[in-house]
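K.L.:
The structure under discussion is supplied below as structure tokens; questions concerning it will follow.
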Amino acid sequence: MEITYTMQGDYLLPSLTLPEQKNKEIGIWGQRHKRYLLNHHKVKYYNLLTSCKLIDYLADINEQAENMYQLLVKQLTEKEGVTEQLKAENPMLWVKKMNSIQHRVREIVNTEIIFR
């Protein structure tokens, strides 16, 4: 591997470039994990960043968290009997139960995937 240098004033600085990275979508879960890494695991964050693996890592975390979230919401709505029929008969009770389920599932996903 050959390193080239450019003259900046009186100094020769290496001409470094980062490799091209894929433009992947990092959703809300990936952003939360990124913020967590920055606040609590800076070394891991900067290691991933400098090795050009951060975007892939965060996209993977986002996908895992989203899959877990969708699965748990589906399972809990079935278990607790939150159906379209309940939504039609008593919309306020349906909203109350769905909000409760979503809140619990967000806490589970945060604990199991985001804040680890």
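K.L.:
So, restricting to helices (runs of 4 or more DSSP H) that lie completely within the range 4-90, which ones have at least 1 residues that are acidic (Asp, Glu)?
P.N.:
The helices (runs of 4 or more DSSP H) meeting that bar are 54-79, 84-89.
Residues are listed down the side, and each one gets a yes or a no for (1) farther than 30 Å from Pro19 by Cβ; (2) among the small types (Gly, Ala, Ser); (3) more than 17 Å from the chain's Cα centre (by Cα):
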site: Asn39; (1), (2), (3): no, no, no
site: Ser51; (1), (2), (3): no, yes, yes
site: Met68; (1), (2), (3): yes, no, no
site: Val73; (1), (2), (3): yes, no, yes
site: Glu80; (1), (2), (3): yes, no, yes
site: Ala88; (1), (2), (3): yes, yes, yes
site: Ile108; (1), (2), (3): yes, no, no
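FYI, it's all coordinate maths here, none of it is from the lab. Bear in mind the structure is a predicted one, so any value in this text is a computation, not a measurement. Backbone-built Cβ (ideal geometry, glycine too); neighbour counts: all protein chains shown.
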